[in-house]
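Below is one structure; the comments refer to it alone.
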Amino acid sequence: MIVMKFGGTSVGDAKMIRNTASVVLRMKDRKPVVVVSAVSGITNQLIELAKSAPEKMAEIYEAIKLRHIGIMKELGTTSGLLDNDLMGLKACADRIAGEGLNKETLDEMQSFGERMSTKIVAFEISRHGLKADAVNSFEIGLLTDENFGNAEPLEEAYALLGKHIRAMDSVPVVTGFLGKTRKGEITTLGRGGSDYSAAIVGAAIDAEEIQIWTDVNGIMSTDPKMVASAKTIESISFAEAAELAYFGAKVLHPKTIKPAMAKNIPVKVLNTFEPENKGTTIAKDPSNGKSIVKAIAYKKSSTLIIIQSTRMLGAYGFLSRLFRVFEKYRKSVDVISTSEVSVSLTIDSDENLESILEELESIADIKVLEGRTVISIVGEGMKSTPGISARTFSAIARQKVNIEMISQGASEINLTFVVDGSSTETAVKALHKEFFGE
C-alpha cells in the first residue's frame, strides 16, 4: 500500500481534481490510500467565516457553498453529495453567531473544507471505474490530544487507523488535517497538517511509500520564487528534510517527517501537474551523497531577542530561569546562541511577546530586533567538512550584508544565521551562486 497526499492546489478546481484522479488511477495497482486537503483557499474562508460579524456570515457561507457546487457541476454531478456537510457548516456558523467563537468551534469550522473535498475527489475517482470512498480521519481512529489548533495524535491512533483502512475494499480518500479527542471534539493538526496526516496514515498501515503531491517538482535547492535557477534535489535524508522544513522550506509541513522516520518509510515529493517528474525522495540513506550542501532555506519575519546580564557569568540556574519564561507562554525558540554574559535567540511570531519581554526585563537587559530573517544552509556532514563556513561568510561579506547572529554546533547538518529582513534576497542569491554555481 502507498499513501498519496494531495494539497489544496491539486484539488483547487474541477480541472485539477480530474488531474488528481488520473494520477491516483495510474497508481491503482499499488493499493493507494489518498489523503486530501481542502480546496485551495477554503480553509482561509472558513476561518474568516468563523471570525466574521453575524451579518457578514451569510455572504461568506454562500461563497464557500457556490465554490463547491460549481466544482461538482463541472465534474458532472448535481446530486446532494455535500448536502449534509453544507447543513453542518451552516449550523456551526449559526452556533458561533449565537454563542461566540472558541478554539473548539474554530477547529470544527475548519474541518468542513476537508470533509467536502474528500467527497468530491472520491466521486471523481469512482467515476473512472476505481471504487473510492470518502472517510473522515476522525471517524476511523485519528485520536488526538486536546491541543486545539495544533493537535498531536495519540499512540493508539496508529493501530485504529491501520485496522480501519486495511478493512476497506475501496480506495480510502481520507481527510487530511483533522483528528478527534477522546471526548469526540474535532481537532486540527495545525496549518499544513495534511502532510502530517499523510505520514500518520503511512505509519499506521506500514506503507511502502508516502507520496506528497504538490505544485512543484520536489524539494528545491532554495525558493524558486526568489532564485529562478533553483534545482530539484533528487534525494535527501530524513534529517536534512526535517531541518529544511523547520527553517522555512514550504514544500513540507515541519512535522511530516517524524512518523515516516519512525517506520523508515521513504517519502516522495512529486508534482501533480508533471507526474512523470521524479521529484525528490526522502529516505534514511539517500542515494546522492556527493553534494555536501543540499539546500538553502530561510524564515522571514522573525524577531531576534538579545538578552544580556553579568549575573550569567559563572552562575548556575540562570538559563533555566530564562527559558521558563518562554515555557510559561508556550513560545517556541527557533535559533539560539550563547556567550558568557548574553543569550541571543529568535522567535517566529509576536504572540505574547509583550508579556515575555516584561518578565525578561526583570532579570536582564533586553534588546529586540524585529523583521529579521533566519537563513539556514543544510547538508549532511557540513560540520566535519572544512571550508563551508568560510565560503558562506565570504559570499555574504562580498554583498556587504551584516550577520547579526550565528548558530552552529547543535546540529551537524546546518549552519544558521540571522540577517536584517531587507537583505534576505541578496543573501540567499549570493549563497545559491556560491554553492550551486548560479
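The values are calculated or read from the model by the stated rules, or taken from the named source; none is laboratory data. Everything quoted here is computed from the prediction, not taken from an experiment. Please note: Cβ atoms are built from the backbone with ideal geometry, for glycine as well, and neighbour counts cover all protein chains shown.
Let's see how each residue does on (1) under 29 Å from the mean Cα position of the chain (by Cα); (2) part of a loop (DSSP other than H, G, I, E, B); (3) small (G, A, S); (4) surrounded by fewer than 18 Cβ atoms within 10 Å (Cβ to Cβ):
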| site | (1), (2), (3), (4) |
| --- | --- |
| I282 | yes, no, no, no |
| V293 | yes, yes, no, no |
| A297 | yes, no, yes, no |
| R324 | yes, no, no, yes |
| E327 | yes, no, no, yes |
| E351 | yes, yes, no, yes |
| I366 | no, no, no, yes |
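List every residue pair whose Cβ atoms lie under 7 Å apart, where the two residues are 6 or more positions apart in sequence or sit on different chains, the first residue falls within segment 1-12 and is assigned to a strand (DSSP E or B), and the second residue, located anywhere, is crowded, with 24+ Cβ neighbours inside 10 Å and of a type in the set (F, W, Y).
Listed by first residue and then by second, the contacts come to M4/W213; K5/W213; F6/W213.
Scan segment 412-438 residue by residue and report those that are modelled with pLDDT under 90 and either farther than 22 Å from I292 by Cα or crowded, with 16+ Cβ neighbours inside 10 Å (or both).
I413, N414
It is to be established whether one or more residues within segment 279-293 are under 29 Å from I347 (Cα atoms) and at pLDDT 90 or above. Steps first, answer last, please.
Applying the first criterion (under 29 Å from I347 (Cα atoms)) to segment 279-293 yields 282, 292-293.
Those still in the list that are at pLDDT 90 or above too: 282, 293.
Looking for residues that are under 29 Å from I347 (Cα atoms) and at pLDDT 90 or above, one finds at least one in segment 279-293, hence yes.
So P386 ticks every box in (1) of a type outside the set (S, T, N, Q); (2) buried (at least 19 other Cβ atoms within 10 Å of the Cβ); (3) assigned to a loop (DSSP other than H, G, I, E, B) but one. Which box is left unticked?
Of the numbered conditions (1) of a type outside the set (S, T, N, Q); (2) buried (at least 19 other Cβ atoms within 10 Å of the Cβ); (3) assigned to a loop (DSSP other than H, G, I, E, B), the odd one out for P386 is (2).
Here's the yes/no breakdown for (1) in contact with a Phe, Trp or Tyr (Cβ under 6 Å, 6 or more places away or on another chain); (2) under 22 Å from E108 (Cα atoms); (3) in the same structural domain as V36 (by TED's automatic domain parsing); (4) loosely packed, with under 15 Cβ neighbours inside 10 Å:
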position	(1), (2), (3), (4)
I125	no, no, yes, no
N136	no, yes, yes, no
F148	no, yes, yes, no
E152	no, yes, yes, no
L160	no, yes, yes, no
S170	no, no, yes, yes
V173	no, yes, yes, no
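Give me the pairs: first residue in segment 323-345 and on the phi < 0 side of the Ramachandran plot, second residue among the β-branched types (V, I, T) and assigned to a loop (DSSP other than H, G, I, E, B), beta-carbon distance under 8 Å, and six or more apart or on different chains, which are they?
Matching pairs, first to second residue: F323/V333; F326/V333; L345/V333; L345/V335.
Test of understanding: among T181, T187, which residue is among the polar types (S, T, N, Q), buried (at least 22 other Cβ atoms within 10 Å of the Cβ) and modelled with pLDDT of 95 or more?
T187
Determine whether A53 is at pLDDT below 95 and either exposed (fewer than 15 other Cβ atoms within 10 Å of the Cβ) or not assigned by TED's automatic domain parsing to the domain that holds P172 (or both).
For A53, the condition - at pLDDT below 95 and either exposed (fewer than 15 other Cβ atoms within 10 Å of the Cβ) or not assigned by TED's automatic domain parsing to the domain that holds P172 (or both) - is met.
If I ask for residues that are in contact with a Lys or Arg (Cβ under 8 Å, 6 or more places away or on another chain), in a helix (DSSP H, G or I) and modelled with pLDDT of 95 or more, which ones from segment 197-242 would you list?
If the condition is that a residue be in contact with a Lys or Arg (Cβ under 8 Å, 6 or more places away or on another chain), in a helix (DSSP H, G or I) and modelled with pLDDT of 95 or more, then S197, A198, A199, G202, A203 are the ones that fit.
Which residue pairs have Cβ atoms closer than 9 Å, lie 6 or more positions apart in sequence or on different chains, and pair a first residue in segment 348-363 that is at positive phi with a second residue that is assigned to a loop (DSSP other than H, G, I, E, B) and surrounded by 15 or more Cβ atoms within 10 Å (Cβ to Cβ)?
Qualifying pairs under 9 Å: N352/K331.
So which of T187, T118 is part of a helix (DSSP H, G or I), within 30 Å of G70 (Cβ to Cβ) and not aromatic (F, W, Y)?
T118
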